[in-house]
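Encoded as structure tokens, the structure appears first; notes follow it.
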Amino acid sequence: MATNSVKKLTTWDIVQEARHVDRPNITAYIKGMCDDFVELHGDRLFGDDRALIGGFATIGGEKVVIIGHRKGCSVEENIECNFGMASPEGYRKAMRLMRLAEKYRLPVISLVDTPGAYPGSEAEARGQAEAIAHNLEFMARLRTPIVVVVCGEGGSGGALGIAVGDRILMQRNAVYSVISPEGCASILWRDGKKAPEAAEALKITAESLLGLGVIDSIIDEPVGGAHKRPATAINRVKKAVLAEIKKLRQIDIDELLEQRYQKFAEMGRF
């Protein structure tokens, strides 16, 4: 007899969903969520990192600053955007935009989708670790609401550099981890083929992270994943973001900063 039951995905299946080539990226989210968008360029120190995009936008009548990793939609764009792996100037650009958000009292929306920060020698020479660390400190005390959505891969410090927020949302088939499963398997077992086992052990899925208190809520995806019905997936993210902005606007900013601090201070305590 036929059944309509949906196969439960393994953690490794979810990793593949998060990396799917047709999964909506930030360009699709900006087009699908924003009534208007004005991109801002450059960090005013070195250059304009195309792996991280951001600017002023309006979402459902709410004026916001939106930032996020940009992977690109074609091979040429992938190369231009360095496959979503940001360099120091990308994180410094994000900080510059968030500073403008604070100045104009606009909420920050951060869309996380990166395999990690760019590990090249030139990025290290320009202060990759310092740029990410400075962003963590800066976002912790930013005097405006911050909503983070992990919508694809949330890879290591490259993700965390724009992921300190008052509300951390995550799409059901996204992943968020301190290291990739392949990297973990190579370190622990010196065998990249054990990546599926590493993925299971890392607890990188939305359900696992919600249970651990790392994220605040899960945004459901259409059957088959966000790449099957991108417009539906994007609309669900939009509704979730607007709902959180509405709630956060009701909280006094000093209280919000205290809650943000306590949120991250409690992580890892069991």
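The values are calculated or read from the model by the stated rules, or taken from the named source; none is laboratory data. Given the structure is predicted, the values throughout are model-derived calculations rather than measurements. Cβ: placed from backbone, ideal geometry, glycine included. Neighbour counts: every protein chain shown.
Search segment 180-211 for residues being surrounded by fewer than 17 Cβ atoms within 10 Å (Cβ to Cβ), free of Cβ contacts under 8 Å to residues at least 24 places away in the same chain and of a type in the set (A, V, I, L, M, F, W, C), and hand back the single one that is nearest to GLY152 (Cα to Cα).
In this case the residue turns out to be ALA201.
Here is a list: GLU102, GLU130. Which entry is surrounded by 14 or more Cβ atoms within 10 Å (Cβ to Cβ), of a type in the set (Asp, Glu) and part of a helix (DSSP H, G or I)?
The unique qualifying residue is GLU102.
Could you tell me whether any residue of segment 67-80 is within 21 Å of ALA240 (Cβ to Cβ), surrounded by 21 or more Cβ atoms within 10 Å (Cβ to Cβ), at pLDDT 95 or above and of a type in the set (A, V, I, L, M, F, W, C)?
Within segment 67-80, one or more residues are within 21 Å of ALA240 (Cβ to Cβ), surrounded by 21 or more Cβ atoms within 10 Å (Cβ to Cβ), at pLDDT 95 or above and of a type in the set (A, V, I, L, M, F, W, C).
Among residues belonging to segment 152-209 that are among the acidic types (Asp, Glu) and part of a loop (DSSP other than H, G, I, E, B), point out the one that is nearest to LEU9 (Cα to Cα).
The residue in question is ASP191.
Only one of these is modelled with pLDDT of 95 or more and of a type outside the set (Lys, Arg): ILE179, ILE187, ILE146. Name it.
ILE146
Provide a single number: the residues in segment 219-270 that are of a type in the set (D, E, K, R), assigned to a loop (DSSP other than H, G, I, E, B) and closer than 24 Å to LEU106 by Cβ.
Residues flagged as of a type in the set (D, E, K, R), assigned to a loop (DSSP other than H, G, I, E, B) and closer than 24 Å to LEU106 by Cβ within segment 219-270 amount to 2.
Of the residues ASP252, ASP216, which is loosely packed, with under 14 Cβ neighbours inside 10 Å and among the acidic types (Asp, Glu)?
ASP252
Pairs under 7 Å by beta carbon, first residue touching a residue at least 60 places away in the same chain (Cβ under 8 Å) and surrounded by 24 or more Cβ atoms within 10 Å (Cβ to Cβ) in segment 141-154, partner among the acidic types (Asp, Glu) and assigned to a strand (DSSP E or B), six or more apart or different chains?
CYS151/ASP113; GLY152/ASP113; GLU153/ASP113
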